[in-house]
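Since every read-out is calculated from the coordinates, none of them should be taken as a lab result. Quick caveat: nothing in here was measured; it's all calculated off a predicted structure. Cβ atoms come from the backbone with ideal geometry, glycine included; neighbour counts cover every protein chain shown.
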Amino acid sequence: MLTMDYVHHIKFLYDEKGYSLRKIAEETGHDFKTVQKYVNQQDFNEKFEKCATVSKKIDVYKHEVMEWLLADLEMPRKQRHTGKRVYVRLKEKYGEELAISLRSVQSFVSDVKKDLQMKKEQAYIPLSHAPGQAQADFGEAIFEENGERFTGFYFNLSFPYSNGGYTQIFKGQNQECLLQAMRQIFEHLKRVPTVILFDNLSAAVIQIKKDGGRKLVEQFSRFAAHYGFQSNFCNPGKGNEKGNVEAKVGYHRRNLFVPMPVFEDVELYNRELFEQCDRDHERQHYKRKVDISKLLVDDLKAMKQLPKNPYEVHRLVQLKANGYGRIQLDTNQYSTTPDFAYEKVWVKMTHNKVAILNEDYEEIVQHQRLYGTGLESMKWTPYLHLIAKKPKSLKQTLFYQELPDPWKDFIEQQEKPRPAIELLADLMKQEDNLARATEALTATLQLGLKDADSIRLTWNRLSEPNNDIADITVPQAFIQAEQKPDLSIYDGFLTGGNPS
């Protein structure tokens, strides 16, 4: 029967490293059936069995032999005790009193050496953090943007060697958010980590194969190839394998997001987070007593150069619009135009935008990306001319509810509302800016005018840059002295003759 250390090692090779049974048998030297037995064993409750006689006999000498073998770890491999050499030393010391055979000593020494080697390998893993490597993970927290609270996800990229790290906030943790977060951090660093360790998040991993390999999302593979980093993944349920970033997720939450961050725009706030993280690196490393910022220099030196061109993070899918010209993406709906009812369109998604494209990949309309369930984003401008043909339908739309009061009043005062709706449609088509259209209407009405041409003129004036005409300085040479003309000559014309 194998000791639990060996059993654990076999399970580790199979479950964690994904070795096949045959490969484990070859590496450990154990019989294939023995390996298979312990790989398939599920119950490891302790069984109370009598110890082998050799164990009782070796116990007398165990402490002494272990000291010799532990001391060997500091010696070259060829200058270490063999089982026979241990037996000879014991024989020299105890003579005829030695109550153990050469074979028993050799078996014990072999077991101890394997055990020490395993412990050395397992202890080396968490301590070996080469410069330039990184770990990645998402955390979750509450934020407030422009007066609205939302549950967001902050991506963390940590560097175990220096214990530095950066974080960026997103409203989701999908593929686009993951890749965009890494791109932003790479561009801030102006470098790319050599290796990044990930959890098995669905944004990157489609499937974990039986042999332990991963089938990756194509876009993730393209991104990794573009930036040239190696992607490694934790074994399932083994988040502790990326303990550095796990700790960094908690550290960032406690130190950057308490109290709850309040900002107007998450994109701008993410830039501020880079500055906050840079300042945080001016503290000492928890073990090395050197500033993290100095250790981070070694990390950066070991990293790769940024590629010449950035990777455009997006996903492109083709969807069919319904009878209202809307497409459904995930669980949310986005408008196209009435012309695309029942037609196929291309949908280009980034982490924060959804662009609707025609068959030639030309943009039809663009939306803010929605994060939630059952939400709807409508761009009403393309629908206004259709509404103008059926003006009674205007009040039945959500657009009418959002319409500013000056436009509601203006439309309702018209004997025929269609021209007023078409006017609004024309203004919005030039620039999708309802606030400016409302300003143009209000300013025109204040002048006592309400015709469409006057409103359009005001709109154009507001839309053009404000070009102030500067005063012109005229050189003195062009300024003539004051002239005093003699008007007496004209008196002759009044009397009909010369004045003489």
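Annotation note: GluC sites (Glu not before Pro) in the stretch 73-110 located in DSSP loop regions with a Cβ neighbour count of at most 11 within 10 Å are Glu74. Taking Cβ atoms as reference points and 11 Å as the exclusive limit, the residues near Arg326 contribute a net charge of +1, counting Lys and Arg as +1 and Asp and Glu as -1. Past 29 Å, Cα to Cα, is the threshold; run Lys210/Lys348; Lys429/Lys450; Lys33/Lys210; Lys23/Lys113; Lys114/Lys289 against it and keep the listed order. Where the Cα-Cα span goes over 29 Å, the pairs concerned are Lys210/Lys348; Lys114/Lys289. Computed over the chain, the percent of Cα pairs more than 33 Å apart is 64. Once the gyration tensor of the Cα atoms in the stretch 70-220 is diagonalised, the equivalent ellipsoid follows with semi-axes of 55, 17, 14 Å, ordered largest first. Positive contributions from Lys and Arg (+1) and negative ones from Asp and Glu (-1), summed over other residues with Cβ under 11 Å from the Cβ of Leu179, come out at +1. Excluding same-chain residues fewer than 8 positions from Lys484, which aspartates and glutamates have a Cα within less than 19 Å of its Cα? Straight-distance partners of Lys484: none at all. Each Cα pair under 8 Å and six or more residues apart adds its sequence gap; the mean of these over the residue count of the chain is a relative contact order of 10 percent. Each peptide among 182-195, 354-367 gets the average number of other Cβ atoms lying within 10 Å of its residues, and from highest to lowest they stand as 182-195, 354-367. When you count the other C-beta atoms within 10 angstrom of each residue and take the mean per peptide, 384-390, 306-312 line up highest first as 384-390, 306-312. To the nearest ten degrees, helix 53-72 and the longest principal axis of the Cα atoms of the chain are 60 degrees apart. Give me the base-10 log of I(q)/I(0) for the stretch 133-305 at each q in 0.10, 0.12, 0.14 Å⁻¹, Debye formula, one uniform scatterer per Cα, rounded to two decimals. With no solvent term, the Cα-only Debye profile gives -0.37, -0.54, -0.74. Entry note, the chain: the mean residue ellipticity at 222 nm calculated from DSSP H runs of n ≥ 4, each adding -39500 (n - 2.57), is -13000 deg cm²/dmol after division by the residues and rounding to the nearest 500. Charge tally for Met303 (other residues, Cβ to Cβ under 15 Å; Lys, Arg +1; Asp, Glu -1): +2. The order of the peptides 244-250, 98-104 by mean Cβ neighbours within 10 Å, most packed first, is 244-250, 98-104.
Could you tell me which of the pairs Lys353/Lys389; Lys242/Lys353; Lys57/Lys91; Lys215/Lys320 are separated by over 26 angstrom between their Cα atoms in the structure shown? Pairs exceeding 26 Å: Lys353/Lys389; Lys242/Lys353; Lys215/Lys320. P(r) for the stretch 195-274, from all Cα pairs and a bin width of 5 Å, is 3, 12, 17, 17, 16, 17, 12, 5, 2, 0 %, short bins first. Can you give the angle from 0 to 90° between the axis of helix 102-127 and the longest principal axis of the chain, with both taken from C-alpha atoms, to the nearest 10? Between the helix axis and the principal axis of the chain, the angle is about 10 degrees.
Looking at the chain alone, DSSP beta bridges between its own residues are antiparallel in about 80 percent of cases.
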